[in-house]
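As structure tokens, the structure follows; a few thoughts come after it.
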Amino acid sequence: MEHLKILVVDDEGRMRKLVKDFLVKKGFLVLEAGDGAEAVDLFFAEKDIALIILDVMMPKMDGWEVCREIRQYSKVPIIMLTARGDEQDELLGFELGVDEYISKPFSPKILVARVEAILRRSSRAGQEKALEAGGVCVNKAAHQVTLDGKTLELSYKEFELLAYFVENEGIALSREKILNSVWNYDYFGDARTIDTHVKKLRSKMGKKGEYIKTVWGMGYKFEVEK
């Protein structure tokens, strides 16, 4: 994963430097933007940014606006940083296609671990073959999902979650196991994170969203009606 480009967007220079120093030690190339407008311009100018670390509260364009703009054209992984602990902020982030959500203050080492975990899974997904069940085709090499041949637009994390469900078709999966497998072992989230993503997945999948069954008191199971 060395030399991959990470875009760090925060209006606080000290915060950008802190995050940059930890990422550079791990071999990443770091680009910086001090406001949302600069971030959007830089993202489209560079073309090959592998991941974005994005603050919410910024001048000119806030993090939500940046995310909306980029998500129209790209599924690049986005980690959102915020000083707020508001549940509604977190849910909005997931709805906009944010892949991870970290509240300030945070441990830079944990942030870097999340960056590495996302990029590892992204790289691994690109090397694996397509999965298919009940007209749901998950092509990991192309990072694409189709329903009966029609392309389904998903965020990075929604894609990973659906791929994990299809890989484990017919198996009841606990929320803890889903968190460990789809996020990572040091993810300090809770069941709400999974439930939010499942709700979005079901909505986007339409009738086929019914394949994702709720296992009450446990988690979920992807099961195609025979």
Practice problem: Past 31 Å, Cα to Cα, is the threshold; run 17/140; 17/199; 17/200; 25/200; 17/47; 26/157 against it and keep the listed order. | Solution: 17/140; 17/199; 17/200; 25/200
Quiz item: Hey, what's the per residue convex hull volume over the C-alpha atoms of the chain, in cubic angstrom?
Solution: 117 Å³
Exercise. List, largest first, the extents of the alpha carbons of segment 128-222 along their principal axes, each in whole Å.
Key: 35, 25, 20
Quiz item: Mean separation of Cα pairs under 8 Å and 6+ residues apart, divided by the residue count of the chain: what relative contact order is that in percent?
Solution: 13 percent
Practice problem: Compute the relative contact order of segment 128-222 as a whole-number percentage, counting only Cα pairs closer than 8 Å that sit 6 or more residues apart in sequence. | Solution: 24 percent
Quiz item: So what is the relative contact order of segment 5-123, in percent, for Cα pairs below 8 Å that sit 6 or more residues apart?
Solution: 24 percent
Quiz item: What stretch of the chain, leaving out the sites themselves, is the longest with no chymotrypsin sites (Phe, Trp or Tyr not before Pro) in a DSSP loop having at most 16 other Cβ atoms within 10 Å?
Solution: 107-184
Self-check item: Inter-label distance for residue 199 and residue 47, nm, one decimal - labels placed 7 Å from Cα along Cα-to-Cβ
Solution: 4.0 nm
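Quick check: from the Cα gyration tensor, does segment 5-123 come out rounded (a/c under 1.5), prolate or oblate?
rounded
The numbers here are math on the coordinates, done by the rules we state, and not lab data. Predicted, not measured: the structure shown is a model, and the values here were computed from it. No Cβ is skipped: glycine too gets one built from the backbone with ideal geometry, and neighbour counts run over all protein chains shown.
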